[in-house]
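This report concerns only the one structure given below.
All of the numbers you see were taken from the coordinates with simple rules; none came from a lab. None of the values given here were measured: they were computed from a predicted structure. Note: ideal-geometry Cβ built from the backbone for every residue, glycine included; neighbour counts use all protein chains shown.
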């Protein structure tokens, strides 16, 4: 509510921060490389930006944007902050790897158990409302739900069951390709799939 801002990146090598309440451009930064993706921290004070050579974590000041840390992921086209802003997800789609890495924002580390392997390139990521997991869509059109803490146990009656990752996978029949997903916060366990048709 304090910062009514939205950030965009473009093929013209710019990152722009707009005030959507006043409909004005607040900041425009030009970079040597094209920013391929970005995520705005819920506080409005930080960005995580995917460039061709690496991911940069940046501070947003009143008139400019400055990098303060870097992660060695190349050509990251999908980055998403968790709803609380304490975690962010980066799609690592290098030629030999298709995975999602979850980083702790305040420490910058990515524990081994926060690396999630995909069978195909990752297209989109959506965090669940409680930040305990996320949904991803891969280029082959499948939807997967992942849980962050696989050691947590669920009480089912008097039995305990452990979670596996992915928790579920949906593949559509007839070659239907999913392009994006949205999670309905008002209806538990409901995901809306957007398809090419």
So for 117, 101, 173, fewest C-beta neighbours within 10 Å to most, what's the order?
173, 117, 101
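Which ordering of 146, 18 is given by a fewest-first count of other beta-carbon atoms within 10 Å?
On the way: 146 23, 18 17.
Going from sparsest to densest Cβ surroundings: 18, 146.
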Could you pull the Cα extents of the range 21-77 along its three principal axes, largest to smallest, in whole Å?
35, 20, 17
Please report Rg (one decimal) and Dmax (integer) in Å for the Cα set of the range 48-95.
11.4, 38
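Can you give the extra length, in nm with one decimal, that the chain gains between residue 182 and residue 24 once fully stretched, where that is 0.36 nm per residue apart less the Cα-Cα distance?
Values: separation 158, 0.36 × 158 = 56.88 nm, distance 2.81 nm.
My answer for the length gained is 54.1 nm.
Counting alpha carbon pairs within less than 8 Å and at least 6 residues apart, what relative contact order, in whole percent, applies to the range 53-97?
Numbers: 61 pairs, mean separation 13.6, N = 45.
In percent, rounded to a whole number, it is 30.
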Using alpha carbon centers only, the range 1-56 is separated from the range 64-101 by a whole-angstrom value of 14
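As a footprinting exposure proxy, order 102, 170 by other Cβ within 10 Å, with the fewest listed first.
On the way: 102 22, 170 16.
Ranking 102, 170 by Cβ neighbours within 10 Å, fewest first, gives 170, 102.
Taking only C-alpha pairs under 8 Å that are 6+ residues apart, what is the relative contact order of the chain in percent?
Values: 462 pairs, mean separation 19.7, N = 197.
Relative contact order comes out at 10 percent.
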The range 5-85, relative contact order in percent, only Cα pairs under 8 angstrom and at least six apart counted
23
Overall dimensions of the chain as given by Cα atoms, namely Rg and Dmax in Å
17.7, 59
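How large, in Å, is the range 64-121 by the Kirkwood hydrodynamic radius built from its alpha-carbon pairs?
With all distinct Cα pairs of the range 64-121 included, I get 12.2 Å.
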Give the Debye-formula value of log10 I(q)/I(0) at each listed q (0.17, 0.18, 0.26 Å⁻¹), with one equal scatterer per alpha carbon of the range 91-141, two decimals each.
-0.54, -0.60, -1.09
Take the chain, connect every pair of alpha-carbon atoms lying under 10 Å apart with a spring to form a Gaussian network, then pick out the residue of 81, 40, 68 with the largest mean-square fluctuation.
68
